[in-house]
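Peer 1: Quick one: the structure is below, and I'll ask about it shortly.
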Amino acid sequence: MSMLADDSPVMVKARELCAAITEDSRYLELQQQVEKFLDDDSAKLMYQSVHERGSELQQKQRAGVELGAAEISEFESAREELLNNPVARDFLDAQGELETVQRAIGKYVGMTLELGRVPTADDFAEADSGCCGGGGGGGCGC
């Protein structure tokens, strides 16, 4: 049987993990923050404007164009205004926390596949230190 078959133990546990996430009270709070942002046209427009302007400035920098003090100041003011908007700020915080959870779960699964066993706290500490140790593959490109 394939590990990806709908009724395989791996997929059953994956669904159980997904259910645990969606039932977690913190996850529900984060989802509410995201939904509140999505319902707020003003906050969305502000976010989109700052995001687009930031992308434009990054493209200029990559092209070797020196950014002027006025355009940097304008961007920083718009970004500050965005961060002072509680709906947008809560959305950004929620987005960051959800991404952190996703990375942590991915790292856990990735290390399991790499090590062939459930990783320990020491495995994570070793991987985070950038040290390859004797086991190789500690995430440092060995």
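The values are calculated or read from the model by the stated rules, or taken from the named source; none is laboratory data. Bear in mind that the values here come from a model prediction, so they are computed numbers and not experimental data. Every residue, glycine as well, gets a Cβ built from its backbone with ideal geometry; the counts of neighbours run over all protein chains shown. In case anyone asks, the SASA skips ligands and DNA or RNA and just uses the protein heavy atoms, side chains included. Shrake-Rupley method; radii C 1.70, N 1.55, O 1.52, S 1.80 Å.
Peer 1: Somewhere in the stretch 40-47, is a residue small (Gly, Ala, Ser), in contact with a Phe, Trp or Tyr (Cβ under 6 Å, 6 or more places away or on another chain) and touching a residue at least 12 places away in the same chain (Cβ under 8 Å)? Write out each step before concluding.
Peer 2: As a first pass, look at the stretch 40-47 and keep what is small (Gly, Ala, Ser): 42-43.
Restricting the remaining residues to those that are in contact with a Phe, Trp or Tyr (Cβ under 6 Å, 6 or more places away or on another chain) gives 43.
From what's left, touching a residue at least 12 places away in the same chain (Cβ under 8 Å): 43.
Scanning the stretch 40-47 turns up at least one residue that is small (Gly, Ala, Ser), in contact with a Phe, Trp or Tyr (Cβ under 6 Å, 6 or more places away or on another chain) and touching a residue at least 12 places away in the same chain (Cβ under 8 Å).
Peer 1: Sticking with this structure for a sec: What are the residues in the stretch 57-71 that are surrounded by 12 or more Cβ atoms within 10 Å (Cβ to Cβ) and part of a helix (DSSP H, G or I), if any?
Peer 2: Across the stretch 57-71, the qualifying residues are Leu57, Lys60, Glu71.
Peer 1: All but one of (1) more than 28 Å from Val10 (Cα to Cα); (2) modelled with pLDDT under 95 hold for Arg89, so report the exception by its number.
Peer 2: With (1) more than 28 Å from Val10 (Cα to Cα); (2) modelled with pLDDT under 95 applied to Arg89, the lone miss is (2).
Peer 1: Looking only at residues in the stretch 75-89 that are open to solvent by 60 Å² or more (accessible area, probe 1.4 Å) and touching a helix residue (DSSP H, G or I) at 6+ places or on another chain (Cβ under 8 Å), which one is nearest to Phe37 (Cα to Cα)? First the steps, then the outcome.
Peer 2: First, the residues of the stretch 75-89 that are open to solvent by 60 Å² or more (accessible area, probe 1.4 Å): 76-77, 79-81, 84, 86, 89.
Next, only the ones that are touching a helix residue (DSSP H, G or I) at 6+ places or on another chain (Cβ under 8 Å) stay: 79, 81, 89.
On the way: Arg79: 16, Glu81: 15, Arg89: 9 Å.
Here the answer is Arg89.
Peer 1: Pairs only if they're at least six apart or on different chains, beta carbon under 6 angstrom, first in the stretch 112-128 and more than 21 Å from Val10 (Cβ to Cβ), second open to solvent by less than 80 Å² (accessible area, probe 1.4 Å); list them, first residue then second.
Peer 2: Glu126/Gly133; Glu126/Gly138; Ala127/Gly138; Ala127/Gly139
Peer 1: Moving to a separate point now. If I go through the stretch 109-142 residue by residue, how many of them are hydroxyl-bearing (Ser, Thr, Tyr), in a helix (DSSP H, G or I) and at pLDDT 95 or above? Talk me through it step by step, then tell me what you get.
Peer 2: Kept after step one, since they are hydroxyl-bearing (Ser, Thr, Tyr), are these residues of the stretch 109-142: 112, 120, 129.
Applying the additional criterion that residues be in a helix (DSSP H, G or I) yields 112, 129.
Checking the rest, the ones that are also at pLDDT 95 or above come to 112.
The total comes to 1.
Peer 1: Looking at the stretch 37-56, which of the residues that are assigned to a helix (DSSP H, G or I) and open to solvent by 80 Å² or more (accessible area, probe 1.4 Å) is farthest from Leu92 (Cα to Cα)? Working first, answer last.
Peer 2: As a first pass, look at the stretch 37-56 and keep what is assigned to a helix (DSSP H, G or I): 37-38, 41-56.
Remaining after also requiring open to solvent by 80 Å² or more (accessible area, probe 1.4 Å): 38, 41, 45, 48, 51-52, 56.
Working: Leu38: 12, Asp41: 15, Leu45: 14, Gln48: 12, His51: 12, Glu52: 16, Glu56: 20 Å.
Residue satisfying both the conditions and the ranking: Glu56.
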